[in-house]
Amino acid sequence: MKRTNTLIVEDAPALRTLADNCARLYNEVNYERRQAYIRYKRFEWYPKHLYEKYTPLVGSATAQQIINKNNEAWRSFLALKRLEGKGKLPPHITKVSLPRYWKRNGKRELRIVVRNDCYKVNGKHLYLPNGLKVRIKGSLKWYGKQGRLEIFYNDVDEAWMGFMTVEVEKPPIREGGKPLYIDLGVVNLAAVWFEVLKHPVAFSGRTVLADWWYWTRRIAKEQSRLARINKANASRRLRRLYRIRQRRFRHAVNAMIKTIVEDAAAFNISKIVVGNLKGIRDNNHNNKANTMINNFWSFNYIIQRIREKTEEHGIKVAEVSEHKTSSICPRCRSGKVIKRGRLFKCIDCGVEANRDSVGVLNIGLAWGTKLPAGAVNGAMARPLLLRWDGMKWKPKRAVNNQPMKTLEARISRLQPWKMSKADLFYVF
Ligand SMILES: [Zn+2]
């Protein structure tokens, strides 16, 4: 499996020169291809004259890497064009644009691409081609066969970042364990349950949501300030605000996923079943809710992180349709139910439950797990609610007297989830 080590690289004049030359090469290749494509719909995949022009400046291996990087951009562009021709573009893509330049606000983006065999990380130093040696911060999280290294200057953080891909050996797949179910949502980021748990565990989205809106308001303020003062729509401050908002959201999500998956591994869970959100999107005709679900909660991001984290523990992931999981009774399967606020009541059998529990229990039922007799009441119907305090997920109420102690006790004793440098920058 592929993983990324993140490094903070010390600034050096030689690094800037190299990065600027890389960006010039990239942009020149891209310019020629754009011109050729617009005129003749075809271009040269190997721009020999540019390769020869830049080899003395950046080295032959790096020149090749930069050209490859541009090839990749063009390959995905052409693939999208073909899809567009067939009318089969993915719904989130509305326009296919030509590969862009490495340029931002009229300035070249400083980027370097280094081939896997042309660099070395040794302790606190990074050794690059042409005898360039720079200091690095951060330790390697992943070890394995080293892949390509990309270094770029992040002008929001004003720092050089290095992203080093590593091919890591996969742990053996777990077999024979029970499945764990996850119901993703907005009011609660996730509700989690597996057969042994007396009641589901829900990760409240409330504080995360409030935080998101706080930063969204600050973004809106900055946007109107920019429009008023200098009729611009971008500033470094604005990009910083976007980044802060995203990082804070991702910090909470990553802490949640870490808790869920590490606990699942401790309980020898072999598969995680996630309700997929197609149903939620289709059922919601409210535009604001849709915007929130699609952009704000970044479900794709959550699912992707669950997949990466579970892969590290040999746990498989399955997605099931969430269709109807929130609107049928988990006890008698009746569809005659009343939903009010967070409450759920079945008219046929009279069961009352918390809606957050209903969703995840129904996913479990749909997957074939049997609920113990008389399970859908009392404890089972009320989830253990965890709140995000900006540092860690904490139970809202005491869990000392619960019969099923281990997971809950673990959760209540959880150490603050410290953000390591790698984690911090991994979530860019
Ligand atoms: Zn019922």
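The residues of the range 212-236 that are buried (at least 17 other Cβ atoms within 10 Å of the Cβ) and in contact (Cβ under 8 Å) with a residue 60 or more places away in the chain amount to a single one, 212. Listed by first and then second residue, the pairs linking a residue in the range 308-335 that is away from the ligand (no atom under 16 Å from the Cβ) to a residue that is polar (S, T, N, Q) and assigned to a loop (DSSP other than H, G, I, E, B), with Cβ atoms under 9 Å apart and 6 or more places separating them unless they lie on different chains, are 314/270; 315/270; 316/270.
For the range 280-312, filtering for residues that are under 21 Å from the mean Cα position of the chain (by Cα), of a type outside the set (A, V, I, L, M, F, W, C) and either modelled with pLDDT of 75 or more or on the phi < 0 side of the Ramachandran plot (or both) leaves 15. Kindly indicate whether any position in the range 195-203 is surrounded by fewer than 14 Cβ atoms within 10 Å (Cβ to Cβ) and without any contact (Cβ under 8 Å) to a residue 60 or more places away in the chain. No, the range 195-203 contains no residue that is surrounded by fewer than 14 Cβ atoms within 10 Å (Cβ to Cβ) and without any contact (Cβ under 8 Å) to a residue 60 or more places away in the chain. Residue count for the range 37-58, restricted to those that are in a loop (DSSP other than H, G, I, E, B) and within 12 Å of residue 25 (Cα to Cα): 1. What's the total number of residues in the range 307-320 that are surrounded by 14 or more Cβ atoms within 10 Å (Cβ to Cβ) and part of a strand (DSSP E or B)? Selection size over the range 307-320: 4. If you scan the range 5-38, which residues turn out to be β-branched (Val, Ile, Thr) and farther than 14 Å from residue 99 by Cα? The answer is 6, 8, 9, 17. Scanning the range 200-216 for residues that are of a type outside the set (Phe, Trp, Tyr), at pLDDT 85 or above and out of contact with any Pro (no Cβ under 7 Å at 6 or more places or on another chain) returns a single hit, 204. Taking the criterion of being among the hydrophobic types (A, V, I, L, M, F, W, C), in contact with a Ser or Thr (Cβ under 7 Å, 6 or more places away or on another chain) and modelled with pLDDT of 90 or more, would at least one residue in the range 190-197 satisfy it? Yes: one or more hits.
Of the residues making up the range 367-393, those that are crowded, with 20+ Cβ neighbours inside 10 Å and either at pLDDT below 65 or hydroxyl-bearing (Ser, Thr, Tyr) (or both) are 376, 380. Of everything in the range 313-335 that is hydrophobic (A, V, I, L, M, F, W, C) and over 13 Å from residue 355 (Cβ atoms), the residue that is farthest from the chain's Cα centre (by Cα) is 332.
The values are calculated or read from the model by the stated rules, or taken from the named source; none is laboratory data. All of these numbers come straight from a predicted model, not from anything done at the bench. Please note: Cβ atoms are built from the backbone with ideal geometry, for glycine as well, and neighbour counts cover all protein chains shown.
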